[in-house]
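Rule-based calculations on the coordinates, nothing more; no lab input. Since the model is a prediction, treat every value here as computed from it, not as a measurement. Every residue, glycine among them, receives a Cβ derived from its backbone with ideal geometry; neighbour counts consider all protein chains shown.
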């Protein structure tokens, strides 16, 4: 079985490689192809992957290439984890937001919008290569903003795509740890979009434990979240009983979170650059044969768990339930059938089939519908290179200002991204 990782120069790749090696019995990879446009990063990360594979004795052959068609040809599974413009583009996005008094986070608000405009055309070009060279492959998309990128592939790419984020698996692992059970025993009544989702109920082996999980969520906030985010998310839980994804802090405490982030010496992107510099130096050590512990600073906990869970379930036709990003259908009735949603899905040889979430509570329905409208407009703008659609996407987003300020910010966004936004 051939598996390909596009964007393999990422510092996350050793985490993914470890997952393939540790669970080789469930997903018998024989060839692992790593591809990236950055040949230097690919050589460093790829060499570590080769040493990890050799040490494991799993019989996995690691190959490197900067040619995407060679890399994906006849692959069974293709993982996409690219960042168009690299960390420097992310930092520019963050600072664009700060300069204009709005959230500039990597996937949310103007930062996520800029990232999507850069990325959608590239992933659709990748999809054309996959259609030609690996038409039967499943594409597992981690590329951010994952919900928008997955929707673009669902609407404009003729590939079998499933979107992934490690946020749901992190929630499940926290609950499983607190309850003293395996992750497979935990069931979530979970509804929403990528980075805009809520847990409505929790069960273990079919027994409802929502009250205990809710208290565990609040306890987790006390230790893991900072000031405004902790207070806002806790107040929402106490008021509604629903447990929100951490990214909801940007909507429930917008000004407070913005002020806290703006007061820091460095953006998260600048912190990531420093972390990655240390990681790449470690990866270059010829004596290193395993994922270094420092990778946890980068984020992405249980990244490989989520990826291998999906691929193994497809490969073995398990028919188990996992939370992934897929085509809505009738899962969330208040959203378009063709859009992407992040919900519990049955995973089998045919891919991901969303379950029915039923009616959505009004306290979350409105925000979900507005952000989905923004995502639809963003995909349209990126595909058509349409300034009007781009402006309307910005105006629609709850974290953006009025139309005249959005027009000014859009002009600035297009200027600082002109290297990547050809044809605008």
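Where the alpha-carbon atoms of the stretch 69-129 are placed on the principal axes, they occupy 47, 16, 15 Å, in descending order.
Given 0.36 nm per residue, what is the gain on full extension from residue 346 to residue 419 after removing their alpha carbon distance, in nm?
Taking residue 346 through residue 419 to full extension adds about 22.2 nm, to one decimal.
Legend: calculated FRET efficiency, residue 365 to residue 95, from the Cβ-Cβ distance at R0 = 30 Å, rounded to 0.05, equals 0.35.
Using the Cβ-Cβ distance between residue 262 and residue 234 with R0 set to 30 Å, the FRET efficiency works out to roughly 0.85. Each residue, residue 273 and residue 26, gets one label point 7 Å from its Cα in the Cβ direction; the gap between the two is 3.8 nm. Most tightly packed first, judged by the mean number of other beta-carbon atoms within 10 Å of their residues, the peptides 376-384, 1-9, 247-255 read 1-9, 376-384, 247-255. At the listed q of 0.07, 0.08, 0.10, 0.14 Å⁻¹, the Debye profile of the chain, built from one uniform point per Cα, gives log10 I(q)/I(0) equal to -0.31, -0.42, -0.67, -1.44.
Semi-axes of the equivalent ellipsoid for the stretch 137-202, please: Cα gyration tensor eigenvalues, times 5, square-rooted, ordered largest first, whole Å. The partial results should precede the final answer.
Working: eigenvalues 146, 32, 18 Å².
Value: 27, 13, 9 Å, ordered largest first.
Here the relative contact order of the chain, from alpha carbon pairs under 8 Å that lie six or more residues apart, stands at 17 percent. Between 353, 184, 81, the GNM of the chain built on Cα springs shorter than 10 angstrom shows 184 fluctuating the most. Inter-label distance, residue 387 to residue 408: 1.7 nm, where each label sits 7 Å from its Cα along the C-beta direction. When the alpha carbon gyration tensor of the stretch 111-267 is reduced to an equivalent ellipsoid, its three semi-axes come out at 32, 23, 12 angstrom, largest first.
Each peptide in 154-160, 400-406 receives the mean, over its residues, of other Cβ atoms within 10 Å, and ordering these scores from highest gives 154-160, 400-406.
When the Cα convex hull of the stretch 113-152 is projected onto planes of every orientation, the mean area is 2.6 nm².
Separation between the residue 280 and residue 43 pseudo-spin-labels, each 7 Å from Cα along Cα→Cβ, expressed in nm? So the label points at residue 280 and residue 43 sit 1.3 nm apart. Relative to the current alpha-carbon distance between residue 131 and residue 210, full extension at 0.36 nm per residue lengthens the span by 24.1 nm.
Binning the C-alpha pair distances of the stretch 169-211 at 10 Å intervals from 0 yields a P(r) profile of 29, 57, 14 %, listed from the shortest bin outward.
The Kirkwood radius of the stretch 46-156, taken over pairs of alpha-carbon atoms, gives through the Stokes-Einstein law at 37 °C and 0.692 mPa s a diffusion coefficient of 208 µm² s⁻¹. Rg ratio for the stretch 309-424: its Cα radius of gyration over 2.2 N^0.38 Å, N being its residue count, equals 1.34.
If you take the alpha carbon atoms of the stretch 36-107 and fit the smallest convex hull around them, that volume is 124 Å³ per residue.
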